[in-house]
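Quick notes on the structure that follows.
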Amino acid sequence: MEVILLKDVKGTGKKGEIHEVANGYAQNYLIKNGLAKEATASAKSKLNAQVKAKKRDEAEMLEEAKEQKETLENNPVEIYEKASEDGRLFGSITTKKIADAIKEQLDISVDKRKITQKIPMRSLGTQNVEVKLHNKVTASLTVRALSIEEK
C-alpha cells in the first residue's frame with residue numbers, strides 16, 4: 001500500500017515522502033497513529049502542489065537574502081558610543097546594538113543571533129562581522145565604532 005508520511009518515521013522515511021509499505025503496517029500502525037495517510041491521486045496532487053510552493057518560497061527567500069547581502073557588504077554600519085579620550089568605549093558594541101543599527105540605517109531586519117562577532121568591540125575603530133541571512137548566504141558587514149563627539 002502506498003502512503004504519504006505525515007511525520008518522520010524511523011526506518012520508513014521523512015515527512016512528505018511517498019512510500020510503499022505492507023498493508024498491515026500501514027493500516028494498523030501508520031494510519032492508526034496519524035503518522036501517514038493513504039496515497040490517493042488527490043492526496044498525491046495536493047502533496048505535489050505543496051512541494052512546488054515550498055520550493056518557490058525557498059527560491060524567493062534565497063533571492064531576497066542575496067540582495068540583502070549585497071546591501072550589507074556595500075554599506076558599512078556606524079554606531080556612535082561614548083568613549084574615553086584614548087579611544088576606549090564605555091561599555092561595548094554587542095550583536096544586539098549591531099542588529100539595531102542595521103535595522104535603523106539599512107532597513108534590514110536581522111536577528112542578533114545570526115550575527116557572528118569574534119570579540120565584542122570595546123574601542124573605537126572598525127570590525128568585520130558575519131551575518132547569516134540564509135542557510136546558503138552569509139554576508140560580511142563592516143561595523144564602525146565612532147565617538148558621540150564625532151557625530
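What follows draws every value from the coordinates through simple rules; no lab data is involved. Values in this document were obtained by computation on a predicted structure and should not be read as measured data. When we count neighbours, we look across all protein chains shown, and the Cβ atoms used for this are built from the backbone with ideal geometry, even at glycine.
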Quiz prompt | Given (1) free of Cβ contacts under 8 Å to residues at least 12 places away in the same chain; (2) assigned to a helix (DSSP H, G or I); (3) farther than 21 Å from residue 140 by Cα, number of the condition residue 85 does not satisfy | solution = (2)
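One residue is enough: does the range 49-61 have a residue meeting the conditions closer than 30 Å to residue 144 by Cα, surrounded by fewer than 17 Cβ atoms within 10 Å (Cβ to Cβ) and out of contact with any Gly (no Cβ under 9 Å at 6 or more places or on another chain)?
Yes: the range 49-61 contains one or more residues that are closer than 30 Å to residue 144 by Cα, surrounded by fewer than 17 Cβ atoms within 10 Å (Cβ to Cβ) and out of contact with any Gly (no Cβ under 9 Å at 6 or more places or on another chain).
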Quiz item: Across the range 35-85, what is the total count of residues that are in contact with a Lys or Arg (Cβ under 6 Å, 6 or more places away or on another chain) and of a type outside the set (A, V, I, L, M)?
Solution: 3
Quiz item: Is it true that some residue in the range 125-143 is surrounded by fewer than 15 Cβ atoms within 10 Å (Cβ to Cβ), in contact with a Gly (Cβ under 9 Å, 6 or more places away or on another chain) and part of a strand (DSSP E or B)?
Solution: yes
Quiz item: residue 39 fails exactly one of the following numbered conditions: (1) under 30 Å from residue 111 (Cα atoms); (2) out of contact with any Ser or Thr (no Cβ under 9 Å at 6 or more places or on another chain). What is the number of that condition?
Solution: (1)
Quiz prompt | Failed criterion for residue 19 (all others in (1) within 29 Å of the chain's Cα centre (by Cα); (2) part of a strand (DSSP E or B) hold) | solution = (1)
